[in-house]
Amino acid sequence: MTLVYILAPDRTPLMPCSAVVARLLLKEGKAKVIRRTPFTLKLFTMPEKSYTQPLTLGVDTGSTMIGSAVANEQGHISYLSEVKIRNDIATTMKARAKARRNRRNRKTRYRKARWLNRRNSIKTGRFSPTMRSKIEAHLREIRFVQALLPISAIVLETGTFDLHALKNPEVLQKKWLYQRGINYGFANTKAYVLTRDGYQCQHCQGESKDQHLEVHHIVFRSQNGSDEERNLLTLCKTCHDGLHAGTVILKKPGKRKGNLAHATQMNSIRVQLLQQVEGAEETFGFVTKEHRFLAGLPKTHTNDAAMIATRGNQPLFQVKTVLAKKCVSDGDYQQTKGVRSERRIPTGKIKGFRKFDKVRHRKQEYFIKGRMSTGYVILMGIDGEKVDLKPIPKFEKMKRVSARSSWIMQQRIMGRSSYSPI
């Protein structure tokens, strides 16, 4: 079933209707189209009888992907979406700084260095640009859904955990261990490793006659090696020194530390969402997982969001499409080309088109990836992959569907791989 979202004349969201009812509203001149994706109508006059049901928005928060779903009390799902969050901000900011530094060094005009204009970086409660982008992506998706449907409750999955407790579970009982740091229990681990290896060098097996034993990190700490016993080995001082000098080679594999960057970000993101989203309830990932398992649904962000929205009940999918979204940047930082930057790269419109505009070409919808002043254009899918079209399309052969925004969106059928269009 295809649902069409309805807004009142003052843009207050009403309950969605079927495609048949929407077609009649348009035919009778009672509404107009204000958004194509998702298809949304705005009424010219308020109907005599209008009602809204209590709808719950479930959000599967994440550091890379966000899943959203809206359900009523009977478990009928009227909205599904997946949002791909940006994780390239730090990289692009470094590229911008490099290009800016290179550009300033090429100029003949002297520009006095400024070092005392960074107050924003030391102010209290500041988040990094990456964190601000991810928090705003969650809030923007919540505001987007609230503008489409009459949401009465919001449930956020907040599977917060303590990073210190992951390494040292005893901190849950002994709070004073927090001040000793994560490596406080390393001495205990060293004692275990020496006992495990029988107080004998695991390389020479005691042939060096060196009685001084040391515990060695198989994957070096400088290479993100873990402090767990799987990455530790007993060596005598002779073999240990020889290993760091390059004369001794170990064949035993070690273990690197797990990447907890996304988990650390999510702890901060969830706290901010609970503070900024008024009346939001919270649930946890293990609860969602158990409910999804009992419902017999595969692991997807939209299925998780559906289980959150229905509060653990069996979801009934009224919609068969998922709104796939991808957050995009404002533009490219490179401004010129050429050995001496003699060719300026146009950042505005070219023949009425900008980068990331949604266009229709040969009855298919694409996004603009690159533009040429000669009138040719490079198109891509929502996943960012270039679409190989021959001959290369021209601007006059396509029609703009929607202008670029802070995200690009496209509908896909449920069950297909992410970002596959209908």
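The values are calculated or read from the model by the stated rules, or taken from the named source; none is laboratory data. Just so you know, these numbers come straight off a predicted model, no measurement behind them. Cβ sites come from the backbone with ideal geometry, for glycine too, and all protein chains shown count toward neighbours. These area figures cover heavy atoms from the full protein model, side chains too; ligands, DNA and RNA do not enter into them. Shrake-Rupley method; radii C 1.70, N 1.55, O 1.52, S 1.80 Å.
What FRET efficiency would be calculated for the residue pair ALA191, LEU297, taking the C-beta separation as r and a Förster radius of 51 Å, to the nearest 0.05?
0.65
At 0.36 nm per residue, and after removing the present C-alpha to C-alpha distance, how many nm does the segment from ASN313 to GLN276 gain when stretched out fully?
Taking ASN313 through GLN276 to full extension adds about 10.6 nm, to one decimal.
What does the charge add up to near VAL277, with Lys and Arg as +1, Asp and Glu as -1, over the other residues with Cβ less than 14 Å from its Cβ?
Details: positive: ARG140, ARG143, ARG270; negative: GLU136, GLU141, GLU157, GLU278, GLU281, GLU282.
Combined, the nearby Lys, Arg, Asp and Glu give -3.
Cross-link partners among aspartates and glutamates for LYS30, C-alpha distance below 17 Å, same-chain residues fewer than 8 apart left out?
Answer for LYS30, where 17 Å is the Cα cut-off: ASP10, GLU48, listed by chain and number.
Work out the charge dipole of the chain with +1 on the Cβ of Lys and Arg and -1 on the Cβ of Asp and Glu about the Cα centre, then indicate which of GLN411, SER329, SER152 is farthest towards its positive end.
SER329
State the percentage of accessible surface on segment 1-119 attributable to carbon and sulfur atoms; use a 1.4 Å probe and exclude ligands, DNA and RNA.
52 percent
Under the Cβ-under-4.7 Å rule, which cysteines of the chain stay unpaired?
That list is CYS17, CYS204, CYS239, CYS327.
What's the FRET efficiency of ASP88 with MET414 using the Cβ-Cβ distance as r and R₀ = 35 Å, to the nearest 0.05?
The pair ASP88/MET414 has a calculated efficiency of 0.80.
For the charge dipole of the chain, defined by +1 on Lys and Arg C-beta atoms and -1 on Asp and Glu C-beta atoms about the Cα centroid, which residue among THR347, THR91, PHE39 has the Cα displaced farthest towards the positive pole?
Value: THR347.
Quick one: if the Förster radius is 45 Å, what FRET efficiency do GLU73 and VAL401 give, using the C-beta to C-beta distance and rounding to 0.05?
The pair GLU73/VAL401 has a calculated efficiency of 0.80.
In vacuum, with every alpha carbon of segment 337-422 counted as one equal point scatterer, what does the Debye formula give for log10 I(q)/I(0) at q = 0.12, 0.20 Å⁻¹? Two decimals, please.
-0.39, -0.94
Using the basic label-point model (7 angstrom from Cα toward the beta carbon), what is the GLU228 to PHE127 distance in nanometres?
Distance between label points: 3.0 nm.
Quick one: which of LYS84/LYS355; LYS325/LYS358; LYS98/LYS358; LYS42/LYS355; LYS326/LYS369 span more than 22 angstrom between C-alpha atoms? Write down the numbers at each step before the final one.
On the way: LYS84/LYS355 18 Å; LYS325/LYS358 13 Å; LYS98/LYS358 31 Å; LYS42/LYS355 29 Å; LYS326/LYS369 14 Å.
Where the Cα-Cα span goes over 22 Å, the pairs concerned are LYS98/LYS358; LYS42/LYS355.
Can you compute the charge dipole magnitude of segment 189-241 about its Cα centre, using +1 on each Lys and Arg Cβ and -1 on each Asp and Glu Cβ, nothing else charged? Give it in debye, rounded to the nearest 20.
40 debye
May I have the convex hull volume per residue, in Å³, for the Cα set of segment 1-94?
Working: hull volume 12.5 nm³, N = 94.
Convex hull volume per residue, Cα atoms: 133 Å³.
Tell me the Kirkwood radius of segment 271-422: reciprocal of the mean inverse pair distance over distinct alpha-carbon atoms, in Å. Walk me through the numbers before you get to the answer.
On the way: mean 1/r = 0.0536 Å⁻¹.
For segment 271-422, inverting the mean 1/r across all distinct Cα pairs yields 18.7 Å.
Residues with beta-carbon under 12 Å from that of GLY375, excluding GLY375: net charge, scoring Lys, Arg +1 and Asp, Glu -1?
+3
Among DSSP bridges having both ends in the chain, what percentage is antiparallel? Round to the nearest 5.
Antiparallel bridges make up about 75 percent of those DSSP assigns within the chain.
Angle check, please: helix 285-295 long axis (alpha carbons) against the longest principal axis of the chain (alpha carbons), in degrees 0 to 90, nearest 10.
Roughly 60 degrees, rounded to the nearest 10.
Given a 1.4 angstrom probe, what's the average accessible area per residue across segment 1-110, in square angstrom? If you can, show how the numbers build up before the last one.
Values: 6370 Å² over 110 residues.
Accessible area per residue, segment 1-110: 58 Å².
For the chain, what is the convex hull volume of its Cα atoms per residue in Å³?
Cα-based convex hull of the chain, divided per residue, equals 258 Å³.
Roughly what angle does helix 261-276 make with the longest principal axis of the chain, taking Cα atoms, 0 to 90 degrees, to the nearest 10?
Tilt relative to the chain: about 50 degrees.
Once the dipole of the chain is set up with Lys and Arg at +1 and Asp and Glu at -1 on Cβ about the Cα centre, which of PHE395, VAL20, SER373 lies farthest towards its positive end?
SER373
Show me, bin by bin at 10 Å from 0, the whole-percent P(r) of segment 303-356 based on Cα pairs.
Result returned by the calculation: 16, 26, 17, 15, 16, 9, 1.
Magnitude of the Cβ-charge dipole of segment 206-331, K/R +1 and D/E -1, about the Cα centre, nearest 20 debye?
Magnitude of the dipole: close to 480 debye.
Using the crude model of +1 on Lys and Arg Cβ and -1 on Asp and Glu Cβ, and no other charge, please compute the dipole size for the chain relative to its Cα centre, in debye to 20.
Around 3480 debye, computed over the chain.
Return the Rg/Rh value of segment 60-107, two decimal places, where both radii are evaluated on C-alpha atoms and Rh is the Kirkwood radius.
1.44
Roughly how many percent of the accessible protein surface of segment 219-318 is carbon and sulfur, given a 1.4 Å probe and a whole-percent answer? Before the final figure, lay out the partial values.
On the way: 3100 of 5790 Å².
Answer for segment 219-318: carbon and sulfur cover 54 percent of the accessible area.
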